[in-house]
Amino acid sequence: MPRSDLKIRLAAPRGFCAGVDRAIQIVEKCIEKHGVPVYVRHEIVHNQFVVRALEAKGAIFVEELDQIPDGFPVIFSAHGVPKSIPEEANKRGLYYVDATCPLVSKVHIGAERHYKAGRHILLIGHSGHPEVIGTMGQLPKGAITLIETPNDASIYSPPKEQEIAYITQTTLSVDDTQTIIDILKKRFPKLIEPSKQDICYATTNRQQAVKAIATDCDALIVIGAPNSSNSRRLVEVAEQNGCNEARLIGCASEIDWEWLQTAKTLGISAGASAPEILVEEVVEACKEKFNVKLEEVEIARETVHFKLPRQLVV
């Protein structure tokens with residue numbers, strides 16, 4: 001049978017952001033400097049391809065510090081950790097490297113500043129996400145209230161005679177978050193905002209790029225992990241902006257070819273923790289099934305670079 005035509009629109013920017021790139025480099029540099037094994041608390045970033053590649057180099061991933069034998073280096077993931085984690089590492093005398101994304105650290109600093117100013121803090125984010133756990137763990141229990149939905153924002157009751165401020169998880173949907181912020185600002189006109197939005201540049205750019213292609217796509221694939229917040233948001237953004245057939249996949253082997261059979265235009269993006277090789281494999285897999293015409297739609301050029309921690313710089 002003759003192969004049908006398929007136009008692929010590649011969203012750009014896509015894939016690795018500066019924070020993810022830095023976190024991976026931290027693990028690699030730590031292995032170079034200290035030898036193997038190096039332990040990593042939690043997935044360094046939410047992508048199994050990345051995790052497996054680092055395991056092959058000598059990284060061991062654990063969920064808690066009590067799984068790490070004495071005398072081995074430990075790295076904290078890019079999502080950030082509660083203050084209790086480095087405190088526990090110090091008590092045990094563990095050598096640790098903090099791979100928290102600098103933009104997540106910025107949110108932590110903002111929370112500390114509000115707390116010292118006597119304000120109650122609202123954190124817009126998703127319960128159970130490592131970044132939210134890490135941010136809430138920067139301050140004493142009760143200092144931060146988690147706001148997940150517009151309904152949470154509508155029913156929230158603030159402490160009496162206390163200023164309130166909000167911060168956000170860095171990987172949220174820009175539009176959904178703005179809906180929550182608008183509700184809070186309408187209810188609390190004196191609500192104190194971040195000087196610059198907490199949703200990171202990479203999350204924002206990837207969502208804008210998906211918006212730019214979604215309307216013209218019959219189907220759209222986001223490459224990323226199911227536990228990756230920013231990847232899941234890209235699927236939602238596609239659906240909210242004209243492409244009802246949007247799916248999250250981990251790699252090319254997960255493509256549902258029957259689902260794609262009638263598509264004439266396919267959009268492709270990748271979450272901030274998905275390497276470009278996974279995008280290339282999806283495109284190559286499509287070329288084996290269709291006559292592919294490739295088009296890249298770039299809405300921004302990213303030049304952000306984060307320095308490595310001093311302890312790993314030779």
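Between rounded, prolate and oblate, where does the stretch 102-199 land on the alpha carbon gyration tensor, with a ≥ b ≥ c its root eigenvalues, rounded for a/c under 1.5, else prolate if a/b exceeds b/c?
Values: a/c = 1.40, a/b = 1.07, b/c = 1.31.
Rounded shape, in that the Cα axes give a/c under 1.5.
Treat every Asp and Glu Cβ in the chain as -1 and every Lys and Arg Cβ as +1, leave all other atoms uncharged, and give the resulting dipole magnitude about the Cα centre to the nearest 20 debye. Write down the numbers at each step before the final one.
Values: 36 positive and 41 negative charges, 204 e Å.
So the magnitude is around 980 debye.
I need to check one value: relative contact order of the chain, counting alpha carbon pairs closer than 8 Å and at least 6 residues apart, in percent.
27 percent
Hey, which of these cross-link pairs are over 18 Å Cα-Cα: Lys211/Lys293; Lys211/Lys289; Lys57/Lys91; Lys91/Lys307; Lys264/Lys287?
Flagged as over cut-off: Lys211/Lys293; Lys211/Lys289; Lys57/Lys91; Lys91/Lys307.
Among the lysines, select those whose C-alpha is under 24 Å from the C-alpha of Lys186, and discard any that sit fewer than 8 residues away in the same chain.
Lys160, Lys196
Under the rule a/c < 1.5 gives rounded, and otherwise a/b versus b/c splits prolate from oblate, where does the chain land using the Cα gyration tensor?
Verdict is oblate for the chain.
Given Ile181, Cys217, Ser253, which one lies farthest toward the positive end of the charge dipole of the chain, if we put +1 on the Cβ of every Lys and Arg and -1 on the Cβ of every Asp and Glu?
Ile181
Can you tell me which aspartates and glutamates have their Cα less than 17 Å from the Cα of Lys106? Leave out same-chain residues fewer than eight positions away.
Asp98, Glu131, Glu193, Asp198
Whole Å is fine, so just give me how far the alpha carbon centre of the stretch 15-65 lies from that of the stretch 159-216.
The two parts, judged by their Cα centres, are 30 Å apart.
Sort the stretch 273-313 into rounded, prolate or oblate with this rule: let a ≥ b ≥ c be the square roots of the eigenvalues of the Cα gyration tensor; rounded if a/c is under 1.5, and if a/c is not under 1.5, prolate when a/b is larger than b/c, oblate otherwise.
Oblate, since a/c reaches 1.5 and b/c is not below a/b.
Translational diffusion coefficient of the stretch 241-314 at 25 °C, 0.890 mPa s, Stokes-Einstein with Kirkwood Rh over Cα pairs, in µm²/s as a whole number. Let's see the in-between values first.
On the way: Rh = 15.2 Å.
Calculated translational D: 162 µm²/s.
Test of understanding: ordering Arg22, Arg206 by Cβ neighbours within 10 Å, fewest first, what list do you get?
Listing Arg22, Arg206 from fewest to most nearby Cβ atoms yields Arg22, Arg206.
Each reported figure results from applying straightforward, stated rules to the coordinates on display, with no laboratory input. The structure presented is a predicted model; accordingly, all values stated were derived computationally and were not measured. We place every Cβ from the backbone using ideal geometry, glycine too, and count neighbours over all the protein chains shown.
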